[in-house]
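The values are calculated or read from the model by the stated rules, or taken from the named source; none is laboratory data. Given the structure is predicted, the values throughout are model-derived calculations rather than measurements. Backbone-built Cβ (ideal geometry, glycine too); neighbour counts: all protein chains shown. SASA here: full protein model, heavy atoms, side chains in, ligands and nucleic acids out. Shrake-Rupley method; radii C 1.70, N 1.55, O 1.52, S 1.80 Å.
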Amino acid sequence: MIVRIMGEGQFTLDDAHAELLNSLDAGLEATVNAGDEAGFAASLAELLAKVRTLGTPVPDAELEPSDAVLPAEGSAIDDVREMLADSDEGLIPG
């Protein structure tokens, strides 16, 4: 699976990590729905950190279609709420 972090780049992740990423995604979505700014910032940071540590960066010279697009660290909760409104599956498909 290829995940793009907006403003940062793409990461290739093994499909075996999908369950963990979906769990973190669900937690992020819950904080957005609750309007929990502090929980949102922590959940987003944790999700992005997992993508960075479990994934392998895709070289900048390569452009691959992304399976998921994640907001940049420091994104506003309202911006992420809009991203979630466009999806039935959260930010990470599956």
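Coupling constants for the stretch 4-18 follow from the phi torsions by the Karplus curve (6.51 cos²θ - 1.76 cosθ + 1.60, θ = phi - 60°), and in residue order they are 9, 9, 4, x, 10, x, 9, 9, 8, 10, 5, 4, 5, 8, 4 Hz; glycine and proline get x.
Put simply, when 77-90, 20-33 are sorted by average Cβ atoms within 10 angstrom per residue, most first, you get 20-33, 77-90. Here the Karplus curve 6.51 cos²θ - 1.76 cosθ + 1.60, taken at θ = phi - 60°, turns the phi angles of the stretch 77-92 into couplings of 4, 5, 5, 6, 4, 5, 4, 5, 5, 8, 9, 8, 10, x, 7, 9 Hz, with x standing for Gly and Pro. The mean accessible area for residues of the chain, using a 1.4 Å probe and ignoring ligands and nucleic acids, is 55 Å² per residue. For the chain, the 222 nm mean residue ellipticity estimated from helices alone, with every DSSP H stretch of n ≥ 4 adding -39500 (n - 2.57) and the total spread over all residues, rounds to -15000 deg cm²/dmol. Remark on LEU70: its backbone amide H falls under 5 Å from those of ARG4, ILE5, MET6, a criterion applied only to residues 5 or more positions apart or on other chains, H modelled at 1.01 Å from N.
Relative contact order of the chain: 42 percent, from C-alpha pairs under 8 Å at least 6 residues apart in sequence. Multiplying the residue separation of ASP60 and ALA72 by 0.36 nm and removing their Cα-Cα distance gives an extension gain of 2.6 nm. Taking a ≥ b ≥ c as the square roots of the eigenvalues of the Cα gyration tensor, an a/c ratio of 1.5 or more together with a/b larger than b/c marks the chain as prolate.
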